[in-house]
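This report concerns only the one structure given below.
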Amino acid sequence: MDSARMLLACLLLTLAPQIGQADEPDAEESRWQLGIALGYGIRTNPLVLSDEIPIAVDLDIAWFGDRFFFDNGDVGFTFADNDYVTASVVGRFNSDRVFFGKTDTEFVTAGLDGTTLPIATLLEIPDRDYAGEMGIELLAGGRWGRLQLTAHHDVSGTHDGYEVHADYGRGFRRQRWYVEPSIGLSYKSAALNDYYWGVRSGEASPALPEYEAGAGVNVHARFMLGYQMTRNWRFALVAEAERLNDEAFASPIVVDRTVYGYFAGFGYRF
């Protein structure tokens, strides 16, 4: 089971403790996977009037049973596991909400559509909720690399949309060094996209025009570099760029098309 899936703002950080951890397996493998990463990193925020999301400390907590598992916030049941593919039903929280926890308010004299306002008007970015989602995850790997395919639908009634995600990466190991570049894309339905990036009529104001977003595809690229220092300690560097889809970028609350993130630090596996 691949635990490199990103969780909320710490997507880069949860990857770092995993690099190289299979080099020296325990004689009796534990069902628990515990680790901590300490370092520094950020994830940029594409919203207007927003702050970058800092990354400094993250915990890696996972438990894997014969079929059921908990993996850093995701809960799942594996119904197929063979030499070719691992297939699981997975419940998770959508991570798009993380951007909305780092926004500010400000009095402006021009609307986000460029309109000059007669008086200074308070601009506030609408709040959004986390969505509980359920779906299928397929994992395959070999000498050719690794492939992850997921499809999740909202089961919490938050946005009633769905997301289909694909990610391919290939790792290269040489003694204590490990390098893995990867690329991927995510199709986000109109309901999901509009919930997070749209502006509803009740949220619109002279400073914030109404907007309805359609479906779109995000594209991302990631690079991981790890060095195994000791059995338990490793150094990790992770960098990622994600390009928002056209419908999200056209939203009046979005100012940057590409979301960047990086983390550099030390991971310890217990």
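Can you compute the helix-only [θ] at 222 nm over the chain? Use -39500 (n - 2.57) per DSSP H run of at least 4 residues, normalise by all residues, nearest 500 deg cm²/dmol.
So the helix-based figure for the chain works out to -1500 deg cm²/dmol.
List the chymotrypsin sites (Phe, Trp or Tyr not before Pro) within the stretch 96-159 that DSSP assigns to loop and that have no more than 12 neighbouring Cβ atoms inside 10 Å.
W144
Count charges around R269 for me, please; just the other residues with Cβ under 9 Å from its Cβ, Lys/Arg as +1, Asp/Glu as -1.
+1
Work through the residues other than Y260 whose Cβ is under 12 Å from its Cβ and net out their charges, Lys, Arg +1 and Asp, Glu -1.
Taking every Cβ under 12 Å from that of Y260, the sum is 0.
Run the numbers on the stretch 8-269 and let me know its relative contact order in percent, using alpha-carbon pairs under 8 Å that are six or more apart.
Relative CO of the stretch 8-269 lands at 21 percent.
With a cap of 10 neighbouring Cβ atoms within 10 Å, and only residues DSSP puts in a loop, list the trypsin sites (Lys or Arg not before Pro) found in the stretch 104-171.
Counting only loop positions with at most 10 other Cβ atoms within 10 Å, the trypsin sites (Lys or Arg not before Pro) in the stretch 104-171 are R143.
Based on the inverse mean of 1/r over its pairs of different Cα atoms, what is the Kirkwood hydrodynamic radius of the chain, in Å?
Answer for the chain: a Kirkwood hydrodynamic radius of 19.9 Å.
Bear in mind that the values in this text are calculations on the coordinates, not laboratory data. Worth saying up front: this structure is predicted, and the values here are computed from it rather than measured. A quick note on method: Cβ atoms are made from the backbone with ideal geometry, for glycine too, and the neighbour counts reach across all protein chains shown.
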